[in-house]
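Take a look at the structure below.
The values are calculated or read from the model by the stated rules, or taken from the named source; none is laboratory data. In this text the structure is predicted, and so the values were computed from the model without any measurement. Virtual Cβ from ideal backbone geometry, glycine too; neighbours counted across all protein chains shown.
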């Protein structure tokens with residue numbers, strides 16, 4: 001992959017997370033807070049519905065076609081961070097777009113490593129709700 005792909009974006013993909021999906025994700029990462037499994041507890045805590053756990057947008061990638069990584073046999077997820085302008089909730093439909101923001105090539109021990117930095121932009125009704133920053137790495141023998 002070369003730098004010409006920097007700035008590429010995916011098509012907009014709509015994602016709506018159900019309360020059941022949030023419950024399963026929360027259980028998988030051992031979140032104990034009842035706001036992630038019980039709507040009444042979420043409302044008691046001041047939320048409009050069950051909130052999406054802060055790291056859950058990482059699973060949004062599974063349903064988005066990202067053309068510039070489709071040719072790779074596999075990659076390693078090396079880094080992630082999240083920035084929110086507002087809380088994400090169950091039962092809302094979000095418009096998601098992935099953008100390739102940087103590509104860094106490194107050669108070490110006869111292996112070519114490519115680091116691809118991305119951001120996942122998450123909108124609701126055209127308003128930015130959050131951004132997930134993620135770096136993928138691929139390794140090839142020289």
(request) Mind listing whichever residues of region 68-96 are in contact with a helix residue (DSSP H, G or I) (Cβ under 9 Å, 6 or more places away or on another chain) and over 28 Å from residue 43 (Cβ atoms)? (result) 68, 75, 77, 80
(message) Need the failing condition index for residue 34 against (1) closer than 18 Å to residue 134 by Cα; (2) at pLDDT 95 or above, just the number.
(response) (1)
(request) Find the strands (runs of 3 or more DSSP E) located wholly in region 1-114 whose residues include 1 or more that are exposed (fewer than 13 other Cβ atoms within 10 Å of the Cβ), without any contact (Cβ under 8 Å) to a residue 60 or more places away in the chain and touching a strand residue (DSSP E or B) at 6+ places or on another chain (Cβ under 7 Å), and list them. (result) 76-84, 93-108
(message) Of everything in region 115-138, what is assigned to a strand (DSSP E or B) and surrounded by fewer than 13 Cβ atoms within 10 Å (Cβ to Cβ)? Give them in sequence order.
(response) 127
